[in-house]
2 protein chains.
Amino acid sequence: MNQLSKDISEDILNGSKVALSKAITLTESTLPYDKILSQEIIDVLLPFTGNSIRIGVTGVTGVGKSTFIDSFGMYLCNLKRKVAVLAVDPSSVTNKGSILGDKTRMQNLSKIDSAYIRPSPSGKALGGVTETTRNVILLCEAAGFDTIIVETVGVGQSEVSVKNMTDFFLLLMLAGAGDELQGMKRGIMEMADAIFINKADGGNIDSAKQAAQLYNMALQLFPNSESGWKPKAEVCSAITNLGIDTCWKLISDFEVQMKRTNYFNKNRKQQELIAFRETFRYSIVDKLMNNTLFKEKIEKTENDISENKISVSNAVQSILYEVNFLIN
Amino acid sequence: MNQLSKDISEDILNGSKVALSKAITLTESTLPYDKILSQEIIDVLLPFTGNSIRIGVTGVTGVGKSTFIDSFGMYLCNLKRKVAVLAVDPSSVTNKGSILGDKTRMQNLSKIDSAYIRPSPSGKALGGVTETTRNVILLCEAAGFDTIIVETVGVGQSEVSVKNMTDFFLLLMLAGAGDELQGMKRGIMEMADAIFINKADGGNIDSAKQAAQLYNMALQLFPNSESGWKPKAEVCSAITNLGIDTCWKLISDFEVQMKRTNYFNKNRKQQELIAFRETFRYSIVDKLMNNTLFKEKIEKTENDISENKISVSNAVQSILYEVNFLIN
């Protein structure tokens, strides 16, 4: 094993944020040597991972995710918890670049020594961001962080991806305007362990409470989840701190209950198996392309598709046949 | 070749909707024999496909996609066009079942002989729905439909998937409430060839026009798309038919311009190659699992993950190594 991997791993176990950041950068890198190092580090640290509650936070842009996490994280730090905040933000389809690249969005938390904020790796597709973030969670846990908050941009598959790497999935919403639009994102509501109506301050409190009541009713209509947990809707405000303690109590109750029934571990193992198959799926084609025979066949098939000689579905069937031939 | 495939193919070329529906059902089926039949049919029909404009329509729930498509489709049928409406709606994460299963959402169009409405196949994941819908487009084109409208539920990856199987991508939005929320879905706006502010009727007209103006300004800030097309924002109403003709004119202009620069065909070929790689990626793991040696290795690796002996990333690396070994 490389001396550098060894040194970084030891420093991480001693709680060094500098070493943690270094290891995360290696994990995000696409250079082969960096990959080897980061894999060695994760191998060494693996026995020291897992001892945290992993919380996913989602909600549409404008719902106040960053300010909520800032207040919530401060509350947790006051309880002597060590909080790491990560983000999952795959590059937008046309443009490269990350929306969540800015630490200054969490003005208070970014100044606290027991907190660690890391933006989403930029210029990566969802598959890459997901694999990296899963590893970053492990690294943060090894560095002693006991509360991992993973934020998503609230668009599309990234929510499923964060749900699949966290223990508790929190959906932030707004009362009033746009409510109908948000509420109909049924697929996301089904994934939530709790819905918090944010910005419940000033003249907004009553409408927020009404919205929470409505969502509580809606949640009862959903089928029971496998975990046995009953999701709840509550109100909160990142400005007045209303509901911040309720949120933590809910998550703590969840953790106790899920550990009692052993669903907590069962779910994590399940998540790892899903991640394994997904990552494998995304790596296998590149690997096969290293085989000259196979690569030629792929290129010929793509040519046939371009010349309208074969449909996409039939092209896939013929390539699958080829793989079979190579293997047997 | 099977006589049944031959008969169905001929009937489709003669414009039989019954045969078309039969072929689509075969395409949606997971039974091996049905798959063989549907592949034969698509093989035969492939030379007769491609002669349509493929229009993707997206927008959040509540924006009025169905009523818009109903009015828009009626307008096109009056122009003697043959309109097929398809839907891409992957099963929600927890629950099986399709939201867009209901033909009655398009009350007028569903009664017209030159229109064909087909709901999304139910109980399928996005990968499966995408592959099926791509084939359904081909079948509809062979049956003589010259305008294919593909509707998405407006949540997540399904939008990218529809963008990747259509020529023109139309985003429907609402003025006023929820505007901020919708507007920030920047990734979706970047994909749009046109934005139409729907429900521009009654007291809503002015705010819709204002919103269109704003979006027109926002669209100018986006980088030029590869096609050279300049997306526009307009208003429309499915009730008063305002803007329905504008929408069709825009799409027709797009088609003329894109065919002149040859981007039209270039884009379709590009889409097919992307679809090929994606579908292959999703099929290859199942195929590999048919290899006993490989299956054993996968199961051992999954066991190691469960017992925390190996991280997910390293497990993937070790399996990839194994594939290499099997192939060479």
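The values are calculated or read from the model by the stated rules, or taken from the named source; none is laboratory data. Predicted, not measured: the structure shown is a model, and the values here were computed from it. Backbone-built Cβ (ideal geometry, glycine too); neighbour counts: all protein chains shown. These area figures cover heavy atoms from the full protein model, side chains too; ligands, DNA and RNA do not enter into them. Shrake-Rupley method; radii C 1.70, N 1.55, O 1.52, S 1.80 Å.
Could you check the simple spin-label distance between residue B:255 and residue B:270, using points 7 Å along Cα→Cβ, in nm with one decimal?
Here the answer is 2.1 nm between the modelled labels.
May I ask you to report, in nm to one decimal and beginning with the shortest, the distances from residue B:289 to the same position in the other copies, taking label points 7 Å along Cα-to-Cβ?
2.5
Determine the percent antiparallel among the DSSP beta bridges restricted to the protein assembly as shown, to the nearest 5. Could the numbers behind the result be given before it?
On the way: 0 of 56 bridges.
Close to 0 percent.
Report Rg (one decimal) and Dmax (nearest whole number) for segment A:265-326, counting Cα atoms only, units Å.
15.7, 51
Mind checking the angle between helix A:292-306 and chain A's longest principal axis? C-alpha axes, 0 to 90 degrees, to the nearest 10.
Computed tilt is about 80 degrees.
Would you mind checking which residues have amide H under 5 Å from residue B:196's amide H? H placed 1.01 Å from N; only 5 or more apart, or other chain.
Those lying under 5 Å, H to H, from residue B:196 are B:171, B:172, B:173, B:234.
By its C-alpha gyration tensor, with a ≥ b ≥ c as the square roots of the eigenvalues, how is segment B:38-84 shaped: rounded for a/c under 1.5, else prolate for a/b larger than b/c, else oblate?
Details: a/c = 3.42, a/b = 1.77, b/c = 1.93.
It is oblate, given that a/c is not under 1.5 and a/b is not larger than b/c.
How far is helix A:126-142 tilted off the main Cα axis of chain A, in degrees rounded to 10, range 0 to 90?
60
How big is chain A by the Kirkwood estimate over distinct Cα pairs, in Å?
On the way: mean 1/r = 0.0463 Å⁻¹.
Evaluated over chain A, this radius sits at 21.6 Å.
Could you tell me which of B:14, B:24, B:58 has its Cα farthest along the dipole of segment B:4-62 towards the positive end, charges placed at Cβ (Lys, Arg +1; Asp, Glu -1), taken about the Cα centre?
It is B:58.
Give me the Debye-computed log₁₀ of I(q)/I(0) at q = 0.17, 0.20, 0.24 Å⁻¹ for segment B:199-269, equal point scatterers on Cα only, no solvent, two decimals.
-0.75, -0.91, -1.05
Decide, for segment A:236-303, between rounded, prolate and oblate: order the square roots of the alpha carbon gyration tensor eigenvalues as a ≥ b ≥ c, take rounded if a/c falls under 1.5, and otherwise choose prolate if a/b is larger than b/c, else oblate. Each step should come with its number before you reach the end.
On the way: a/c = 7.37, a/b = 2.58, b/c = 2.85.
Here segment A:236-303 falls in the oblate category.
What dipole magnitude, in Debye to the nearest 20, does the protein assembly as shown give about its Cα centre under +1 on Lys/Arg Cβ and -1 on Asp/Glu Cβ? Each step should come with its number before you reach the end.
Details: 72 positive and 74 negative charges, 43 e Å.
In debye, rounded to 20, the protein assembly as shown gives about 200.
Residue B:300: which lysines have alpha carbons under 20 Å from its alpha carbon, excluding same-chain residues fewer than 8 sequence positions away?
Once the sequence-local lysines are set aside, what remains near residue B:300 is A:266, A:269, B:287, B:309.
Is the C-alpha gyration tensor of the protein assembly as shown telling us rounded, prolate or oblate? Criteria: a/c under 1.5 is rounded; beyond that, a/b larger than b/c is prolate, otherwise oblate.
Details: a/c = 1.92, a/b = 1.23, b/c = 1.56.
The shape class here is oblate.
Compute the helix-to-body angle for A:244-260: its Cα long axis versus the longest principal axis of chain A, expressed 0 to 90° and rounded to tens.
60
With the cut-off at 21 Å, report for segment A:188-311 the share of all Cα pairs above it, as a whole percent.
Numbers: 4770 of 7626 pairs.
Percentage above 21 Å: 63.
Shortest first, in nm, what separates the label point of residue A:246 from those of the same position in the other copies (7 Å along Cα→Cβ)?
For residue A:246, the inter-copy label distances come out at 4.4 nm.
Evaluate peptide B:188-194: per residue, the Cβ atoms of other protein chains within 10 Å of its Cβ; return the mean as an integer. Present the calculation step by step, with values, prior to reporting the outcome.
Numbers: counts 4, 2, 4, 3, 0, 0, 0.
Average per residue, whole number: 2.
Just counting partner chain Cβ atoms within 10 Å, what average do the residues of peptide B:266-278 show around their Cβ?
Numbers: counts 0, 0, 2, 5, 1, 1, 8, 6, 1, 6, 12, 6, 3.
Whole-number average of other-chain Cβ neighbours for B:266-278 is 4.
How well do other chains shield peptide A:300-310, expressed as the mean number of their Cβ atoms within 10 Å of each residue Cβ? Provide the component values of the computation, followed by the final result.
Working: counts 0, 3, 5, 0, 1, 5, 6, 1, 7, 2, 5.
The shielding value for this peptide is 3.
Measure off, as a whole percent, the carbon and sulfur share of the 1.4 Å-probe accessible area of chain A, all protein chains present.
On the way: 7560 of 14390 Å².
Reported share for carbon and sulfur atoms: 53 percent.
Nearest 20 debye, what's the magnitude of the dipole of chain A about its Cα centre given +1 on Lys and Arg Cβ and -1 on Asp and Glu Cβ? Don't skip to the answer; put the middle values down first.
Working: 36 positive and 37 negative charges, 80 e Å.
Roughly 380 debye, rounded to the nearest 20.
For the pair residue A:300 and residue A:2, how long in nm is the line joining their label points, each one 7 Å along Cα→Cβ?
Taking the simple label geometry, residue A:300 and residue A:2 are separated by 4.0 nm.
Roughly how big is the B-A contact, given as buried accessible area in Å² (both sides, 1.4 Å probe, nearest 100)?
When B and A are taken together, about 6700 Å² of accessible area is lost.
Tell me, what is the per residue accessible area of the protein assembly as shown in Å², probe radius 1.4 Å? Walk me through the intermediate numbers first.
On the way: 28750 Å² over 656 residues.
It amounts to 44 Å² per residue over the protein assembly as shown.
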